[in-house]
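The values are calculated or read from the model by the stated rules, or taken from the named source; none is laboratory data. From a predicted model like this one, the values you see are computed outputs, not experimental measurements. Because the Cβ atoms are built from the backbone with ideal geometry, glycine has one as well, and the counts that use them run over all protein chains shown.
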Amino acid sequence: MTEKLVTIFGGSGFIGRYLVRHLAAQGWRVRVAVRDTQSAAFLRPAGNVGQISLIPVSITDEASVAAAVHGADAVVNLVGVLYERGKRSFQKIHVDGATNVAKAAVAAGVKRLVHMSALGADQNSPSAYARSKDAGEMAVRGIFPGVTIFRPSVVFGTEDGFFNTLGRMAQLSPAIVFFTNTNPHAPAGGGAKFQPVYVGDVVEAIAQSLTGEGHAGKIYELAGPRVIDMREACTIVNRETQRRRLLLGVPYPIAKVLAVFLQFLPKPLLTPDQVKLLEVGNVATGRRPGLAVFGITPTTVEVVVPTYLKRFRPLQQTKKLRLQAR
Ligand SMILES: NC(=O)c1ccc[n+]([C@@H]2O[C@H](COP(=O)([O-])OP(=O)(O)OC[C@H]3O[C@@H](n4cnc5c(N)ncnc54)[C@H](OP(=O)(O)O)[C@@H]3O)[C@@H](O)[C@H]2O)c1
């Protein structure tokens, strides 16, 4: 029997690489649609010889998207950007690109389509990122009504952008900065609230939605077991990197000014739009089903994050660990 074929757009990204490995382990043939096949070659060993193929695609190019979904049983669109740069606007990637994928999936007779959105997707959000995620959902649902949509909170795992950025800050700077709209020492001054969800749980839910029944046309919120605020996230980072950095609560108006400058870095550390997103926070509304539907017990930050924040510890600590292990 021929294994089923899944095309994954954005398969070389943080969540994508876990999904590629997960689906390959389940026996899927995986076609990874990426802009640069050479830099995604690291994905090949995740499967048997020939099980994982790479195809050059830009999600904004209809013809290459159509070629990528040809013959696929299922399609997953994980493509997303956190900031706009040049022609790479939120509209182009989250709405026009997602539209291309949905149209191509219909034309190719694909049975299952999964679209990755984000918690906070809302047409009334102050953040252009969140508004474009909402517009992307609407566009895809209009074309492929059976699409399964996932809205994760901040996703954590070895290669994540969230805890690793804080870890790097703890390593390089005397303070770990977070933003707040009140006294940072007050109980309510811990800044934005999140419900971090483990990447392994996210890909397990996606995998189940590709084969299980009852997921067509559904929107799921994927969130971890606990709500934490930015101050707690920074405290976890301080502890796990074995540093004693000052936790510096900066008011949002100052964050907005900082972001005006930081957005011009080659890889922006912070943009004005991200500050707007942070102000809203990222906690599940509870109005949509979540991981429980898939029988998944959400993994805690405490179990996974220490395993990869170790790399930001002082050098002496790392040396000591190595010597102890001899
Ligand atoms: N990580 C989180 O905490 C989080 C939270 C909520 C929602 N999400 C959503 O989950 C999805 C995946 O997130 P992630 O963290 O895995 O992102 P990521 O690591 O930045 O990966 C994004 C992927 O999109 C690809 N891509 C970007 N522009 C493209 C284009 N024009 N054509 C084709 N591919 C393109 C990238 O490939 P290149 O290597 O070619 O750039 C990369 O493979 C996104 O939609 C994101 O908005 C993530």
Among 37, 60, which is the only one that is farther than 21 Å from residue 212 by Cβ and within 9 Å of the ligand (Cβ to nearest atom)? 60
Among what's in region 202-244 and is more than 23 Å from the chain's Cα centre (by Cα) and at positive phi, pick the residue that is surrounded by the fewest Cβ atoms within 10 Å (Cβ to Cβ). 214
Does at least one position in region 208-217 carry a residue that is under 26 Å from residue 312 (Cα atoms) and hydrophobic (A, V, I, L, M, F, W, C)? no
Determine whether region 66-76 contains at least one residue that is of a type outside the set (Lys, Arg), within 15 Å of the ligand (Cβ to nearest atom), surrounded by fewer than 23 Cβ atoms within 10 Å (Cβ to Cβ) and in the same structural domain as residue 138 (by TED's automatic domain parsing). yes
Specify the residue that is farthest from the chain's Cα centre (by Cα); the eligible residues are those in region 10-23 that are more than 6 Å from the ligand (Cβ to nearest atom) and closer than 13 Å to residue 54 by Cβ. 20
Residue 127 hydroxyl-bearing (Ser, Thr, Tyr), out of contact with any Phe, Trp or Tyr (no Cβ under 7 Å at 6 or more places or on another chain) and farther than 18 Å from residue 16 by Cα: yes
Checked 213, 232 against criteria (free of Cβ contacts under 8 Å to residues at least 60 places away in the same chain, of a type in the set (Asp, Glu) and in a loop (DSSP other than H, G, I, E, B)); the one match is 213
For region 224-241, how many residues meet the condition of being under 16 Å from residue 155 (Cα atoms), in contact with a Gly (Cβ under 6 Å, 6 or more places away or on another chain) and not charged (D, E, K, R)? 2
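Per-residue answers, yes or no, for (1) surrounded by 15 or more Cβ atoms within 10 Å (Cβ to Cβ); (2) of a type in the set (S, T, N, Q); (3) touching a Cys at 6+ places or on another chain (Cβ under 8 Å):
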residue	(1), (2), (3)
246	no, no, no
252	yes, no, no
257	no, no, no
261	no, no, no
265	no, no, no
276	yes, no, no
279	yes, no, no
285	no, yes, no
Take region 122-149 and flag every residue that is near the ligand (Cβ under 9 Å from one of its atoms) and surrounded by fewer than 24 Cβ atoms within 10 Å (Cβ to Cβ). 129
When region 22-43 is checked residue by residue, the ones that are buried (at least 17 other Cβ atoms within 10 Å of the Cβ) and charged (D, E, K, R) are 29, 31
Answer yes or no as to whether residue 252 is in contact with a Ser or Thr (Cβ under 6 Å, 6 or more places away or on another chain) and not charged (D, E, K, R). no
Output for region 99-120, where each listed residue is of a type in the set (Gly, Ala, Ser), out of contact with any Leu (no Cβ under 7 Å at 6 or more places or on another chain) and more than 9 Å from the ligand (Cβ to nearest atom): 104, 107, 108, 109
Return yes when residue 30 is within 14 Å of residue 74 (Cβ to Cβ) and within 12 Å of the ligand (Cβ to nearest atom) and no when it is not. no
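Suppose we keep only residues that are touching a residue at least 60 places away in the same chain (Cβ under 8 Å) and of a type in the set (Val, Ile, Thr) within region 216-229. Which one would you say is farthest from residue 311 (Cα to Cα)? Before you say what the answer is, go through the steps one by one.
As a first pass, look at region 216-229 and keep what is touching a residue at least 60 places away in the same chain (Cβ under 8 Å): 216-226, 228.
Among the residues that remain, those that are also of a type in the set (Val, Ile, Thr) are: 219, 228.
On the way: 219: 36, 228: 23 Å.
By that ranking, first place goes to 219.
Output the residue which, of all residues in region 156-174 that are of a type outside the set (Gly, Ala, Ser) and away from the ligand (no atom under 15 Å from the Cβ), is nearest to residue 15 (Cα to Cα).
Step one: of region 156-174, the residues of a type outside the set (Gly, Ala, Ser) are 156, 158-160, 162-166, 168-169, 171-172, 174.
Filter once more, keeping what is away from the ligand (no atom under 15 Å from the Cβ): 168-169, 171-172, 174.
Working: 168: 20, 169: 23, 171: 25, 172: 26, 174: 31 Å.
So, considering only residues that are of a type outside the set (Gly, Ala, Ser) and away from the ligand (no atom under 15 Å from the Cβ), the one nearest to residue 15 (Cα to Cα) is 168.
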